[in-house]
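A quick write-up on the structure given underneath.
The values are calculated or read from the model by the stated rules, or taken from the named source; none is laboratory data. Note that this is a predicted model, so its numbers are computed, not measured. Note that each Cβ is placed from the backbone with ideal geometry, even for glycine, and that neighbours are counted across all protein chains shown.
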Amino acid sequence: MRTIYILWLRQLIRYSRSKARMFASLGQPLLFLFAFGFGLSPLYAKAGGGDYIQFIAPGIIAMTILFNAVFSGLEIIWDKQFGFLKETLVAPVSRFEIVMGKILGGATIAFIQGLIVFGITFIAGFSISNIAYIPVGLFFMVLIALLFSALGTAIAARMNDMQGFPLIMNFLIMPLFFLSGALFPIKDLPKALSVVTKLNPLSYGVDGVRGAFTGAAHFSLGLDFTVLVVVIVAVTAFGVYQFSRVEV
């Protein structure tokens, strides 16, 4: 547990010292929130969808967490290149503790960024349908952060190229985001696209956040929770396996 705490704290200290990273990571979600939110709002309303800001805001919150969580894997490649990871791996601690420390650190940073964007959505006109469900929405934000921090950690464990990691992540993450229902309703989609969105774990994260904050869930919150937890366990186990194969 001490190792997990140290690795978690180390990532938070790194994050707190990088003011440029803190602000730069807000650029993309704010662009999507205001450009898409206000730009497509009239069309969405004419199509009978209601207030598009109410629909898109939970998706943008999830997007913020997704990108920050996944790219926390870059910290691992950085540690490899400067020797810190080697020092950690030769220490008398289990690989599981190392992986959990990395995952929790990345997830915490991603969750903080998600909270910041969550606050900004109210400036755009977003409103909570039932404040009693705010803790539920925050919990789903935590689950998204854990899932994609674990994914970024698992992939980065076997990589040494800092330039290749963003390319692989963008190739994987962009389809996950655009096919999650973050920007458009997943109801009444073509059959093939509907299957893809149902196989996408982020769909359940977005749905959980949207259902908790607006009451407009496509699936049930119970199903969203179950799918996310199962995938988190599976991806974390994969990450531990990947770290077990890292040569010191």
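Could we say that I168 is in contact with a Phe, Trp or Tyr (Cβ under 8 Å, 6 or more places away or on another chain), in contact (Cβ under 8 Å) with a residue 12 or more places away in the chain and on the phi < 0 side of the Ramachandran plot here? When the stated conditions are applied, I168 does not pass them.
Pairs are defined by a Cβ separation below 9 Å, a sequence spacing of at least 6 or placement on different chains, a first member in segment 196-223 that is in contact (Cβ under 8 Å) with a residue 24 or more places away in the chain, and a second member that is part of a loop (DSSP other than H, G, I, E, B) and basic (K, R); the pairs so defined are H218/K187. The number of residues in segment 182-194 being part of a loop (DSSP other than H, G, I, E, B) and either modelled with pLDDT under 90 or farther than 16 Å from L143 by Cβ (or both) comes to 8. Just one of the listed residues (I120, I131) is under 20 Å from V209 (Cα atoms) and touching a helix residue (DSSP H, G or I) at 6+ places or on another chain (Cβ under 8 Å), and it is I120. Considered as a group, the residues in segment 218-246 that are touching a helix residue (DSSP H, G or I) at 6+ places or on another chain (Cβ under 9 Å), surrounded by fewer than 17 Cβ atoms within 10 Å (Cβ to Cβ) and at pLDDT below 90 include one that is nearest to G152 (Cα to Cα), and that residue is Y241.
The residue of segment 192-206 that is farthest from A150 (Cα to Cα), among those that are buried (at least 16 other Cβ atoms within 10 Å of the Cβ) and among the small types (G, A, S), is S203.
Within segment 65-84, residues that are without any contact (Cβ under 8 Å) to a residue 40 or more places away in the chain reach partners that are crowded, with 19+ Cβ neighbours inside 10 Å and of a type outside the set (D, E) with beta carbons closer than 7 Å, at six or more positions or on different chains, in the pairs D79/L85.
Consider segment 195-245 and keep the residues that are among the basic types (K, R) and in a helix (DSSP H, G or I). The one that is farthest from the chain's Cα centre (by Cα) is K198.
Yes/no matrix, rows are residues, columns are (1) within 21 Å of V227 (Cα to Cα); (2) in a loop (DSSP other than H, G, I, E, B):
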site: F96; (1), (2): no, no
site: F126; (1), (2): no, yes
site: L146; (1), (2): yes, no
site: M169; (1), (2): no, no
